[in-house]
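The values are calculated or read from the model by the stated rules, or taken from the named source; none is laboratory data. The model shown is predicted, which means the values in this text are computed figures rather than measured ones. Note that each Cβ is placed from the backbone with ideal geometry, even for glycine, and that neighbours are counted across all protein chains shown.
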Amino acid sequence: MPQDVAALRQTLSIAPVIPVIVLDDVEKARPLAEALVAGGLRVLEVTLRTPNALRVIEEMAKVEGAIVGSGTVRTPLQMGHSVDAGCQFMVSPGASPRLLEAAEAHAIPLLPGIGTPTEAMTASEHGYSFLKFFPAEALGGAKVLKAYASPLSDITFCPTGGIDLEKAKTYLSLPNVICVGGSWVMPADAIEASDWARIESLSRDAAALKS
Ligand code: 3PG
């Protein structure tokens with residue numbers, strides 16, 4: 001089936017911010033997910049950019065309250081791996097027709113990425129109305145999505161890329177933004193130092209934002 005809009009809307013409505021996680025250390029997967037969930041960010045995107053990413057997903061999926069998806073999904077094979085690892089959704093930086101069609105064979109929804117109106121319209125023609133706007137800040141930020149709101153009024157976005165707490169507020173004030181993605185809630189040095197309290201605190205600030 002085309003994009004399961006009801007399932008995605010439900011998932012993307014749970015928290016205003018989706019942490020975008022790049023992690024290879026499987027030992028840190030559970031405490032990191034626990035800190036994010038404790039701070040109120042329950043929807044977690046684990047990018048398939050590290051050798052152990054699928055094992056990280058498996059560990060994070062065991063954390064009570066966590067809803068774990070895969071990110072940086074670029075091939076149909078990665079979709080199968082994502083489902084097998086226990087993902088509940090998938091995210092891609094792009095929206096190639098091959099990827100959009102491959103996602104139809106899977107029970108979990110795909111949030112594909114777009115950067116232009118033409119890409120958004122192409123994804124829409126394939127039945128996708130929830131899209132990631134990537135890389136959000138490099139493409140012009142919230143003012144671009146504001147400009148999309150009227151001509152692409154049936155499309156809802158999750159901007160990702162270069163967003164921090166302040167910028168997130170601006171995006172979340174737009175009618176066509178359901179949530180934002182970002183990595184600012186888990187600075188690399190905090191993960192390195194296993195400073196879970198700091199990550200929980202940053203997550204709490206992010207979770208307090210309203211869409
Ligand atoms: C990414 O692909 O890494 C995400 O867009 C996260 O971006 P950020 O690190 O700029 O928040």
Considering only residues that are assigned to a loop (DSSP other than H, G, I, E, B), closer than 21 Å to T75 by Cβ and away from the ligand (no atom under 16 Å from the Cβ), which ones fall in the stretch 106-138?
H106, A107, I108, P109, H126, G127, Y128
Selection status of V73, buried (at least 24 other Cβ atoms within 10 Å of the Cβ) and modelled with pLDDT of 95 or more
yes
Cβ-Cβ under 6 Å pairs, at least 6 apart or on other chains, the stretch 172-191 side over 14 Å from G161 (Cβ atoms) and without any contact (Cβ under 8 Å) to a residue 60 or more places away in the chain, far side more than 10 Å from the ligand (Cβ to nearest atom) and not β-branched (V, I, T):
L174/L145; L174/K146; P175/A149; N176/A149; N176/F157; A190/R198
Just need a number here: residues in the stretch 27-64 that are within 19 Å of Q78 (Cα to Cα) and either in contact with a Gly (Cβ under 9 Å, 6 or more places away or on another chain) or in a helix (DSSP H, G or I) (or both).
15
For the stretch 87-105, what are the residues that are away from the ligand (no atom under 16 Å from the Cβ), small (G, A, S) and in a loop (DSSP other than H, G, I, E, B)?
S96, A105
Among (1) of a type in the set (A, V, I, L, M); (2) within 10 Å of the ligand (Cβ to nearest atom); (3) surrounded by fewer than 17 Cβ atoms within 10 Å (Cβ to Cβ), there is one condition M186 misses while meeting the rest; what is its number?
(3)
Tell me which residues, restricted to the stretch 139-166, are within 10 Å of the ligand (Cβ to nearest atom), in contact with a Phe, Trp or Tyr (Cβ under 9 Å, 6 or more places away or on another chain) and either part of a loop (DSSP other than H, G, I, E, B) or farther than 19 Å from T47 by Cβ (or both).
G161, I163, D164
